[in-house]
Amino acid sequence: MRISRACRAAGQLRRWTAAGQLRRAATGGALVVALFGVAACTGTAPGGPAAAGSAPASTGAAPTSTGTPSTPTGGPPAAPARVPDVLRFTGTTLGGAAFDAAQLAGKPVVLWFWAPWCATCASQAWTVAEIAPRYRDTVPIVGVAGLGERKAMKEFVTEFDLGDTPQIEDGKGALWKRFKVTEQSIFVIIDRNGAIVHQGFLDGEALTAKVAALAGA
């Protein structure tokens, strides 16, 4: 599979390299307990919630009060993460779905600015396609496609198996201008506090290392 992808990528790279040179300037069952020979099922997996449809086992004896009030085991619900200004933007994906960056608040985020004719972007696409699903819940990677036609953008996503990664259509360049991106391919990395900690080029190896480090931070 990887060999086939590599062959396809090599051919695509050759086709896009010439175009990229011409347009470069365009910028995460039950516990069984034996007590005096009587087995009782608690209905709760170790460390997890009670199994659906199960009820607590009864021993047949009335509960004994110790006179000590019970102590809640859980605290109040966690407050929603504060949305930093850098994530206060919306868009539409190439698949036509609404996208709100505020949903990513509280996590490190990687924004990938690419163009469909860009040979450098094509060389990075396989790495993005490989690592993005792995870190979807810890370090989301979001593509921002610009400097091209919607049809070409969708073909790029299909060619490099990027369909599992959100890809925002930015044909008018609104997000490119917001993040002061003037060329492709650029990665903008935002930490969980909303600070931009990297903006610029990254090859596949460097991107993988940075995302892994953010996931473990």
Task: Mean accessible surface per residue for the range 92-163, computed with a 1.4 Å probe while every protein chain stays in place, in Å² - done: 36
Task: Heavy-atom accessible area order for 136, 82, largest first, 1.4 Å probe - done: 82, 136
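How large, in percent, is the carbon and sulfur part of the accessible surface of the range 159-217 at a probe radius of 1.4 Å? Numbers along the way, then the final one.
Values: 1540 of 2990 Å².
Carbon and sulfur together cover 51 percent of it.
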- [ ] Report the accessible area of residue 131, computed with a 1.4 Å probe over the heavy atoms of all protein chains in place, in Å² rounded to the nearest 10.
- [x] 0
Task: Cβ-derived FRET efficiency at R0 22 Å, residue 215 paired with residue 82, nearest 0.05 - done: 0.60
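Would you check the range 101-217 for Lys pairs whose C-alpha atoms are within less than 17 Å, ignoring same-chain pairs closer than 8 in sequence, and give me the count? The partial results should precede the final answer.
Working: 107/210; 151/172; 154/172; 172/180.
Here the count comes out as 4.
Using only the Cα atoms of the range 159-215, build the gyration tensor, take square roots of its eigenvalues as a ≥ b ≥ c, and label the shape rounded, prolate or oblate: rounded if a/c is under 1.5, else prolate if a/b is larger than b/c, else oblate.
Cα axes put the range 159-215 in the oblate bin.
The values are calculated or read from the model by the stated rules, or taken from the named source; none is laboratory data. Predicted, not measured: the structure shown is a model, and the values here were computed from it. For neighbour counting, all protein chains shown are included, and Cβ atoms are generated from backbone atoms with ideal geometry for every residue, glycine included. Heads up: the accessible areas ignore ligands, DNA and RNA and are worked out on the full protein's heavy atoms, side chains in. Shrake-Rupley method; radii C 1.70, N 1.55, O 1.52, S 1.80 Å.
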